[in-house]
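Worksheet: one structure, shown below.
The values are calculated or read from the model by the stated rules, or taken from the named source; none is laboratory data. Owing to the predicted nature of the structure, the values given are computational and were not obtained by experimental measurement. Note that we place each Cβ from the backbone using ideal geometry, even for glycine, and neighbour counts take in every protein chain shown.
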Amino acid sequence: MMILETDRLSIAFGGVRAIDDVNIAVESGQVFSIIGPNGSGKTTLFNLVSGIYTPDGGSIHIAGETATGLAPHERARRGLSRTFQNLQIFYRMSVLENVMVGRHRHERTGILADLLHLPTVVRQNKATEEAARAALARVGLADFAERPASSLAYGALKRLEIARALATEPSLLLLDEPAAGCNPVETQEIDAVIRSIVKDGITVVLVEHDMRLVMKISDRVHVLANGKTLAEGTPEQVRSNAAVVEAYLGVHGSQEAARAFD
Amino acid sequence: MAELLQFVFSGLTVGAIYALVALGFTLIYKASDIINFAQGEFVMLGGMTTVFVAQAGVSLPLAALIAVIVTTAIGLALHRFAIEPAREATSVALIMITIGASIFLRGMAQIIFDRRFHSLPPLFGADPIQFGGAAILPQSLVVLASATAIVIILWLFIERTIFGKAVIATAANRLAARLIGVDTRRIVAFSFAVSAAIGATAGVLITPIALTSYDAGTLLALKGFAAAMLGGIGSAPGAVVGGILIGMFEALAAGYVSSNYKDAVAFLIILIVLIAIPQGLFGRAKIERV
Amino acid sequence: MRNLLEIRLLPPLAVAAIFVTLPWFFPSAYYYRIGALVFIFALAVAGLNLLMGFAGQVSLGHAGFLGIGAYSVAVGPAHLGMPSWLCVFAGAALSAIVAFLVGRPILRLKGHYLAVATLGFGLLVAIVLTNEAGLTGGPDGMTVPRLLLFGWSVRGSDVWYWITGATFIVGFVLALNLMKSPTGRALQAIHDSEIAARLLGIDIARKKLAIFIISAVYASVAGSYLALFNGHVTPDVAGFLRSIELVAMVVLGGMGSILGSLVGAGLLVVLPQALTIFHEYEQALLGLILIVFMIFLRRGIVPSVAAVVSGWRK
């Protein structure tokens, strides 16, 4: 089943066509990576898919249903979740509370019950906390639960965002450069987390610069350049595509990509 | 018809003052992204200082000059002591600082001056000029002419001098301006000084018509801000157009609807503009990038 | 589980303990009056704090709701023959409705746009109250009949001390409940990152509107109490200066801290009373406090003290 499809998606800012006629089809359970140089439109594409931007043309379908006009919170309710390139952590809250917010979709108490702190709320808080701790454990942050989010290192914050996204129990997870700024050890950890996510049947759409990671775990790779599709296929197909190799992987990149298959 | 003309003229007159206040807002906003709520106090200080200095025996033109200089100094002090130390504050925090400054200046004016209404003698006498059945005060013409002159001078300065170019650069992109050697702190201080001077001048000019008192600033600031928003905050021509429009709407509402609610016009306009066209008539909508 | 509950409710319990024992030390009825005024404003400020400090939405016109609540207990009995106690509820309901109607369009705005929109709203309320003299008595205001509870006329600063204090503590507990609930977490999330909150399924518009309405109700009840206590109400209860006083109390006591609301209200009610010779300087001082706190002590008193104390503990 196609869990995410875009059809002739386009958006322009001022005179710049940030995304131009892009078609994507992501199958359920896949790891689908989007690569391309900075400025090629990868994060813009994510913003379009998650509903932060409204496209000028084209359409978006999530799980077979049209999602083009939907607000971000409605797309979240359809099973979409994402992390952010520039981190959108709730710095004033604790690590645990950040992930607890991720459970919002599954929380069932109303504002009146919340005001009065009825037993249903007490139960809900407990359930939310348990689920949040489980998500933290998955990314290896269980020990940091009570710390303020602002006290975490950058790599840990990236994992926190993943935990928070996981807490929503998504069917489709968009990861925007999850390994950016991470050292090789942290990147390995993120790699392991992504693999375990995929094993749970969650579809992962990945924007990443780390070519080794991309080539290792992707089922399909989509290459963007200047807002347009340059190529798409399996990792082998993409890395051996002359145009892609020449323009975007560069010498170093293609060596890294080759090493991924060793 | 004569009635309409009357309202148009009083609307233009008070609109010119709102335009000057709005211009002051816009200048500071362009240079620093700050909404300066003390803008109205600059107008009040211009009028009140002139009144009290003149009462002390100083000749009127000199008193007015002193008032403008003192107010300009206060504007610079406001920047130096309240704005500069809070550089990294959020926009809301900065608004609260300028509101605090506005109330502080009001409170001090109440003590240093007094709580009564005051007036100044008009420049060319108080006999109204008859025009098409409407009676126009000569001071109104003074206000209109002066406001036009100020706008032109400011425009010439910004467009034609190096310092003016530096202001434009700072307004466009502060970091980039600093990187090419513009001292953005001085530019922001300059914008406060000029806004204060413009405000004070407006205060001196309008006091013969509208009187002044220690708390005249608040309402003026709000209406001037409404004008700036209507025109599109960050747009100088917009500020002028916005000011004239608000003045006209106010005068027409006072004449044809109810004079009690004339103050409400500006606030209603603020709400309508913010809800319907937040970028104003001449402004540009901002896109938030994630 | 029991322990958790106790820790959560410790601040209101401490306040309740002080509230109950403090009158032993009151040399005269005057102090009951001060106490009542402090609790009245603390209640309004608590609501504003939920909106500003917790959810991050600024309101510079909150005295508008204070005014609606205050005039409800004046207009209701005078023009509609309603009993005062019912008017308190009616005022709260009216404030909730007004908050709903006004909040829906303006809460889409952010930062200084929202600030000015709320400012405009507060001023419009004050203007209407001043002008509709037939209904509201105009600039001179109206007298407010005494509250009648079960046939007994509520009078005396001491009685009002107990009523206002008890109401504030209830409001305190409700606010704390909200903060540690799914709704509270959603609001805090909205404050820190609207975009992330949206993508976690949070309906931002609805949540902001909900907290706006709640904060309006807090202010309305406080306004009703103020009018009933004073026996008189004038349009400046809804004025610009009043709105800024409320904001100053939030800033002073600490954004997002309900305890801070009590501290902020306490300071700004008691100080003018204690420094009566400096009554003239009240406005200038208010402005100065705002400036100084927003530059140097942006978090406010209670959170700053809490930070220092937890620093000692380490």
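It is to be established whether one or more residues within segment A:208-221 are exposed (fewer than 15 other Cβ atoms within 10 Å of the Cβ), modelled with pLDDT of 90 or more and not in a strand (DSSP E or B). Working first, answer last.
The first filter runs over segment A:208-221 and keeps only residues exposed (fewer than 15 other Cβ atoms within 10 Å of the Cβ), leaving none.
Within segment A:208-221, not a single residue is exposed (fewer than 15 other Cβ atoms within 10 Å of the Cβ), modelled with pLDDT of 90 or more and not in a strand (DSSP E or B).
Test B:Leu274 against the stated conditions and say whether it is at pLDDT 80 or above and assigned to a loop (DSSP other than H, G, I, E, B). Before you say what the answer is, go through the steps one by one.
Working: at pLDDT 80 or above: yes; assigned to a loop (DSSP other than H, G, I, E, B): no.
No: the conditions fail for B:Leu274.
Filter segment B:52-65 down to the residues that are over 19 Å from the mean Cα position of the chain (by Cα) and in a helix (DSSP H, G or I) and list them by number. Spell out how you get there, then give the answer.
Taking segment B:52-65 first, the residues over 19 Å from the mean Cα position of the chain (by Cα) are B:52-63.
B:Phe52, B:Val53, B:Ala54, B:Gln55, B:Leu60, B:Pro61, B:Leu62, B:Ala63, listed by residue number.
Determine if segment C:287-300 includes at least one residue that is closer than 25 Å to C:Tyr32 by Cα and either in contact with a Lys or Arg (Cβ under 7 Å, 6 or more places away or on another chain) or in contact (Cβ under 8 Å) with a residue 24 or more places away in the chain (or both).
Filtering segment C:287-300 for residues closer than 25 Å to C:Tyr32 by Cα gives none.
There is no residue in segment C:287-300 that is closer than 25 Å to C:Tyr32 by Cα and either in contact with a Lys or Arg (Cβ under 7 Å, 6 or more places away or on another chain) or in contact (Cβ under 8 Å) with a residue 24 or more places away in the chain (or both).
Could you tell me which numbered condition A:Ala134 fails, if it satisfies all but one of (1) within 7 Å of chain C (Cβ to nearest Cβ); (2) free of Cβ contacts under 8 Å to residues at least 40 places away in the same chain?
(1)
Just one of B:Ala38, B:Ala16 is within 14 Å of B:Thr201 (Cβ to Cβ), out of contact with any Asp or Glu (no Cβ under 9 Å at 6 or more places or on another chain) and among the small types (Gly, Ala, Ser); which is it?
Values: B:Ala38 fails: within 14 Å of B:Thr201 (Cβ to Cβ).
Result of the check over B:Ala38, B:Ala16: B:Ala16.
Residue by residue, here is whether (1) surrounded by fewer than 24 Cβ atoms within 10 Å (Cβ to Cβ); (2) over 23 Å from B:Ala67 (Cβ atoms); (3) modelled with pLDDT under 90 holds:
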site	(1), (2), (3)
B:Arg174	yes, yes, yes
B:Ile187	yes, yes, yes
B:Ala197	yes, no, no
B:Tyr214	no, no, yes
B:Thr218	yes, no, yes
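List, please: which pairs have Cβ atoms under 8 Å, are six or more places apart or on different chains, and start with a residue in segment C:233-246 that is under 17 Å from C:Val58 (Cα atoms) and end with one that is among the polar types (S, T, N, Q)?
Taking only residues 6 or more apart or on different chains, the pairs are C:Phe240/B:Thr218; C:Leu241/C:Gln283; C:Ser243/C:Ser59.
If I go through segment A:222-231 residue by residue, how many of them are at pLDDT 90 or above and of a type in the set (D, E, K, R)?
0
With the structure loaded, tell me whether C:Gly111 is surrounded by fewer than 19 Cβ atoms within 10 Å (Cβ to Cβ) and either touching a Pro at 6+ places or on another chain (Cβ under 9 Å) or within 26 Å of C:Met255 (Cβ to Cβ) (or both) or whether it fails that test.
Numbers: surrounded by fewer than 19 Cβ atoms within 10 Å (Cβ to Cβ): yes; either touching a Pro at 6+ places or on another chain (Cβ under 9 Å) or within 26 Å of C:Met255 (Cβ to Cβ) (or both): yes.
Criteria met by C:Gly111.
Restricting to segment C:178-207, what's the tally of residues that are crowded, with 20+ Cβ neighbours inside 10 Å and under 17 Å from the mean Cα position of the chain (by Cα)?
1
Conditions tested, residue by residue: (1) at pLDDT below 90; (2) more than 14 Å from chain B (Cβ to nearest Cβ); (3) assigned to a helix (DSSP H, G or I).
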{"position": "C:Cys87", "(1), (2), (3)": "no, yes, yes"}
{"position": "C:Val102", "(1), (2), (3)": "no, no, yes"}
{"position": "C:Leu114", "(1), (2), (3)": "yes, no, yes"}
{"position": "C:Leu119", "(1), (2), (3)": "yes, no, yes"}
{"position": "C:Ala126", "(1), (2), (3)": "no, no, yes"}
{"position": "C:Pro145", "(1), (2), (3)": "yes, yes, no"}
{"position": "C:Asp158", "(1), (2), (3)": "yes, yes, yes"}
{"position": "C:Thr164", "(1), (2), (3)": "no, yes, yes"}
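Looking at segment C:137-151, I want the residues that are polar (S, T, N, Q) and have a partner that is surrounded by fewer than 14 Cβ atoms within 10 Å (Cβ to Cβ) with Cβ atoms under 7 Å, at least 6 apart or on another chain. Which pairs are those?
C:Thr143/C:Gly231
When the residues of segment B:59-80 are filtered to those that are touching a residue at least 60 places away in the same chain (Cβ under 8 Å) and among the polar types (S, T, N, Q), which remaining residue is surrounded by the fewest Cβ atoms within 10 Å (Cβ to Cβ)?
Ranking the candidates gives B:Thr72 first.
Within segment B:227-274, can you find the residues that are without any contact (Cβ under 8 Å) to a residue 40 or more places away in the chain and in contact with a Lys or Arg (Cβ under 8 Å, 6 or more places away or on another chain)?
B:Ala253
With the structure loaded, tell me whether B:Ala177 is within 17 Å of B:Ile198 (Cβ to Cβ) and out of contact with any strand residue (DSSP E or B) (no Cβ under 9 Å at 6 or more places or on another chain) or whether it fails that test. Break it down into steps so the answer makes sense when it comes.
Values: within 17 Å of B:Ile198 (Cβ to Cβ): no; out of contact with any strand residue (DSSP E or B) (no Cβ under 9 Å at 6 or more places or on another chain): yes.
So B:Ala177 fails the test.
If you scan segment C:128-143, which residues turn out to be more than 10 Å from chain B (Cβ to nearest Cβ) and part of a helix (DSSP H, G or I)? Walk me through it before giving the result.
Let us first name the residues in segment C:128-143 that are more than 10 Å from chain B (Cβ to nearest Cβ), namely C:129, C:134-137, C:139-143.
Across segment C:128-143, the qualifying residues are C:Leu129, C:Gly134, C:Leu135, C:Thr136, C:Pro139, C:Asp140.
Could you tell me which numbered condition C:Leu286 fails, if it satisfies all but one of (1) assigned to a helix (DSSP H, G or I); (2) over 27 Å from C:Gly223 (Cβ atoms); (3) within 10 Å of chain B (Cβ to nearest Cβ)?
(2)
Can you give me the number of residues within segment B:236-270 that are within 12 Å of another protein chain (Cβ to nearest Cβ), surrounded by fewer than 20 Cβ atoms within 10 Å (Cβ to Cβ) and either outside any loop (DSSP other than H, G, I, E, B) or at pLDDT 85 or above (or both)?
Count: 2.
Residue by residue through segment C:211-233, note down the ones that are buried (at least 22 other Cβ atoms within 10 Å of the Cβ) and over 17 Å from C:Val45 (Cα atoms).
Within segment C:211-233, C:Leu228, C:Phe229, C:Val233 qualify.
Just one of (1) farther than 28 Å from A:Phe13 by Cβ; (2) free of Cβ contacts under 8 Å to residues at least 24 places away in the same chain; (3) at the interface with chain C (Cβ under 8 Å from one of its Cβ atoms); (4) under 22 Å from the mean Cα position of the chain (by Cα) trips up A:Arg164, so point out which.
(2)
How about segment B:91-104: which of its residues are among the hydrophobic types (A, V, I, L, M, F, W, C) and facing chain C (nearest Cβ under 7 Å)?
Let us first name the residues in segment B:91-104 that are among the hydrophobic types (A, V, I, L, M, F, W, C), namely B:92-97, B:99, B:101, B:103-104.
If the condition is that a residue be among the hydrophobic types (A, V, I, L, M, F, W, C) and facing chain C (nearest Cβ under 7 Å), then B:Val92, B:Ala93, B:Ile95, B:Met96, B:Ile97, B:Ile99, B:Ala101, B:Ile103, B:Phe104 are the ones that fit.
Identify, from the list B:Ala31, B:Ala56, B:Ala2, the residue that is modelled with pLDDT under 85, of a type in the set (A, V, I, L, M) and surrounded by fewer than 24 Cβ atoms within 10 Å (Cβ to Cβ). Reasoning before the result, please.
Working: B:Ala31 fails: surrounded by fewer than 24 Cβ atoms within 10 Å (Cβ to Cβ); B:Ala56 fails: modelled with pLDDT under 85.
Matching residue, one of B:Ala31, B:Ala56, B:Ala2: B:Ala2.
So in segment C:234-281, with the set limited to residues that are within 11 Å of chain B (Cβ to nearest Cβ) and of a type in the set (D, E, K, R), which one is surrounded by the most Cβ atoms within 10 Å (Cβ to Cβ)?
If we take residues in segment C:234-281 being within 11 Å of chain B (Cβ to nearest Cβ) and of a type in the set (D, E, K, R), then C:Glu245 is surrounded by the most Cβ atoms within 10 Å (Cβ to Cβ).
Is there a residue being among the hydroxyl-bearing types (Ser, Thr, Tyr) and not in a helix (DSSP H, G or I) anywhere in segment A:110-128?
We begin by selecting, within segment A:110-128, every residue among the hydroxyl-bearing types (Ser, Thr, Tyr); these are A:120, A:128.
Now narrow it down to the ones that are not in a helix (DSSP H, G or I): none.
Checking segment A:110-128: not a single residue is among the hydroxyl-bearing types (Ser, Thr, Tyr) and not in a helix (DSSP H, G or I).
Just wondering, is there one or more residues in segment A:85-94 that are small (Gly, Ala, Ser) and buried (at least 24 other Cβ atoms within 10 Å of the Cβ)? Don't jump to the end; show me each part of the working.
First, pick out the residues of segment A:85-94 that are small (Gly, Ala, Ser): A:94.
Cutting the leftovers down to buried (at least 24 other Cβ atoms within 10 Å of the Cβ) gives us none.
The answer is no; no qualifying residue exists.
Residues are listed down the side, and each one gets a yes or a no for (1) facing another protein chain (nearest Cβ under 9 Å); (2) closer than 19 Å to C:Leu241 by Cβ; (3) at pLDDT below 80:
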site: B:Ala89; (1), (2), (3): yes, no, yes
site: B:Arg115; (1), (2), (3): no, yes, no
site: B:Gly132; (1), (2), (3): no, no, yes
site: B:Val143; (1), (2), (3): no, no, no
site: B:Ile150; (1), (2), (3): no, no, no
site: B:Leu156; (1), (2), (3): no, no, no
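Has segment B:152-167 got at least one residue that is of a type outside the set (Ser, Thr, Tyr), in contact with a helix residue (DSSP H, G or I) (Cβ under 8 Å, 6 or more places away or on another chain), crowded, with 22+ Cβ neighbours inside 10 Å and within 30 Å of B:Phe7 (Cβ to Cβ)?
Taking every residue of segment B:152-167 in turn, none turns out to be of a type outside the set (Ser, Thr, Tyr), in contact with a helix residue (DSSP H, G or I) (Cβ under 8 Å, 6 or more places away or on another chain), crowded, with 22+ Cβ neighbours inside 10 Å and within 30 Å of B:Phe7 (Cβ to Cβ).
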